[in-house]
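The values are calculated or read from the model by the stated rules, or taken from the named source; none is laboratory data. Predicted, not measured: the structure shown is a model, and the values here were computed from it. All Cβ positions, glycine included, derive from the backbone under ideal geometry; neighbour counts span all protein chains shown.
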Amino acid sequence: MGDTGQWAVRSSCRSGLHSDRQRRHQLEQSDQEAHMMRSHMIVLFATLLLGGPVIAADDFPNRPIKIIIPFAPGGTAEPLARLLADVIQKKTGALIVIESRPGAGGNIGGAEVAQSEKDGYTLLLGANNNFVVNQFLFAKASVKPELHFKLITILADQFQVVYVNAAFPPKTFTELLDYVKARPGEVNFASPGVGSAPHLSGELVSELYGLKMVHVPYRGGAPAITALLAGDVQLYLASLSVGKGQIDSGKLRGLAVTSPARMKSLPEVPTTREAGAPQYAVSNWWALAAPKGVPDKNIEWIRREFTQALQDPTVKTKLEDLGFIIIGSTSAEFEDRVRQESIVYQRLIEQRKLVVE
């Protein structure tokens, strides 16, 4: 009887202990479930807030990417950069910031990118003068493309329009050549800066056809067009996007385009080949580069997203309307074009004695 009572007491105690353990386990399980629910809610809230997937700290990109355009605001590169940035941001959630760093023919912006952190968060959207011309044109150029940049992709090409003021006497490209030849040193041509594509184009025309013109550099494409409209200069060799609106309004005339075929946006303007000057067939391309040493996986993300954005139907239409020819090259193709054009422009700069000390 006593043993049975003791057994019953011990059994009751064990049963009570077992119940306590069950209750503690249930409470711990409830706490874990509540913690998991809170975690899921936080992730859901972040996803809704950011409008896309939550990016892990070691993924690229996990903070804003800065694109530096080494020329004044309002130029040719700006619509190209903004169209592509919008598409990439909508697709990936990556924030892309566009900043202008004009000065010294694009050297200031180029040097800033070359000296930035080697992580892919600072990129250069430069023209062929940044990657080809400046190293030969500026005696004290601090940036050497093959040493300081990882060449990512040539995004797009732009052929040029031969712009003149509507009141300027020549009505064709051939008449322009004859007019300038008869007035050596009297005709001025504008450019958005020393070493820019319009500058080198004017020098190339002079070299090809034995002309003597005066180069007048401005701080960007917009003031160069303003000078042409005012009659301060007589000639500007630049992209379609710079002056098409002024052609449409009748304030400027296009004497020729340097593209192989007539531009869709200027069907009435002949090519230089049609105008009897096939040797003059230049273009100005725009490309992305990063500082040398950026990890390959980051470079590949940049190249992939930007070249895919070029194929967006809205982007393609808008860029073609602005006179761009879409490219989206590989790094190897970019490097090869730089090598080929370096031979041409180095010779031109030496022949024309254009080196800036």
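On the basis of being among the aliphatic types (A, V, I, L, M) and farther than 15 Å from Val133 by Cα, does Val315 make the cut? Yes: the conditions hold for Val315.
Note on segment 267-288: among residues that are modelled with pLDDT of 95 or more and within 25 Å of the chain's Cα centre (by Cα), the one that is nearest to Val344 (Cα to Cα) is Trp285. Among the residues of segment 80-91, those identified as surrounded by 16 or more Cβ atoms within 10 Å (Cβ to Cβ) and touching a residue at least 12 places away in the same chain (Cβ under 8 Å) are Leu80, Ala81, Leu83, Leu84, Ala85, Val87, Ile88. With respect to Gln340, is the statement that it is at pLDDT 95 or above, out of contact with any Cys (no Cβ under 6 Å at 6 or more places or on another chain) and not in a helix (DSSP H, G or I) true? No: the conditions fail for Gln340. Summed over segment 274-312, the residues that are closer than 25 Å to Val133 by Cα, touching a Phe, Trp or Tyr at 6+ places or on another chain (Cβ under 9 Å) and among the charged types (D, E, K, R) give a count of 1. Quick check on Ala182: is it out of contact with any strand residue (DSSP E or B) (no Cβ under 9 Å at 6 or more places or on another chain), without any contact (Cβ under 8 Å) to a residue 12 or more places away in the chain and either closer than 19 Å to Gly105 by Cβ or surrounded by fewer than 21 Cβ atoms within 10 Å (Cβ to Cβ) (or both)? So Ala182 passes the test. Assessment of segment 71-89 against the conditions (in a helix (DSSP H, G or I), modelled with pLDDT under 95 and aliphatic (A, V, I, L, M)) yields at least one matching residue.
Residues that are outside any loop (DSSP other than H, G, I, E, B) and either free of Cβ contacts under 8 Å to residues at least 12 places away in the same chain or of a type outside the set (Ser, Thr, Tyr) (or both) were ranked within segment 266-294; the one that is farthest from Phe149 (Cα to Cα) is Asn284.
Cβ separations smaller than 8 Å between residues 6+ apart or across chains give no pair from segment 308-330 residues that are in the same structural domain as Ser265 (by TED's automatic domain parsing) to residues that are surrounded by 14 or more Cβ atoms within 10 Å (Cβ to Cβ).
Rundown of residues vs (1) without any contact (Cβ under 8 Å) to a residue 24 or more places away in the chain; (2) surrounded by fewer than 16 Cβ atoms within 10 Å (Cβ to Cβ), yes/no style:
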site: Gly75; (1), (2): no, no
site: Glu78; (1), (2): yes, no
site: Ile98; (1), (2): no, no
site: Asn107; (1), (2): no, no
site: Glu117; (1), (2): no, yes
site: Val133; (1), (2): no, no
site: Lys150; (1), (2): no, no
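For segment 295-330, give me each residue that is part of a loop (DSSP other than H, G, I, E, B) and of a type outside the set (A, V, I, L, M). Those that are part of a loop (DSSP other than H, G, I, E, B) and of a type outside the set (A, V, I, L, M): Pro295, Gln311, Asp312, Gly323, Gly328, Ser329, Thr330.
Yes/no matrix, rows are residues, columns are (1) modelled with pLDDT of 95 or more; (2) within 26 Å of Gly74 (Cβ to Cβ); (3) crowded, with 24+ Cβ neighbours inside 10 Å; (4) over 23 Å from the mean Cα position of the chain (by Cα):
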residue	(1), (2), (3), (4)
Phe168	yes, yes, no, yes
Asn188	yes, yes, no, yes
Val194	no, yes, no, no
Glu203	yes, yes, no, yes
Ser206	yes, no, no, yes
Lys212	yes, no, no, yes
Ala222	no, yes, no, no
Gly243	no, yes, no, no
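Return yes when Pro184 is not in a helix (DSSP H, G or I) and not assigned by TED's automatic domain parsing to the domain that holds Glu333 and no when it is not. Yes, satisfied. When the residues of segment 328-343 are filtered to those that are surrounded by fewer than 14 Cβ atoms within 10 Å (Cβ to Cβ) and among the aliphatic types (A, V, I, L, M), the one that is nearest to Ala81 (Cα to Cα) is Ala332. Selection over segment 232-266 of residues that are over 16 Å from Lys171 (Cα atoms) and of a type outside the set (Asp, Glu) gives a count of 19. Does Pro170 satisfy being of a type outside the set (Phe, Trp, Tyr) and either assigned by TED's automatic domain parsing to the domain that holds Leu80 or farther than 29 Å from Val269 by Cα (or both)? In short, no.
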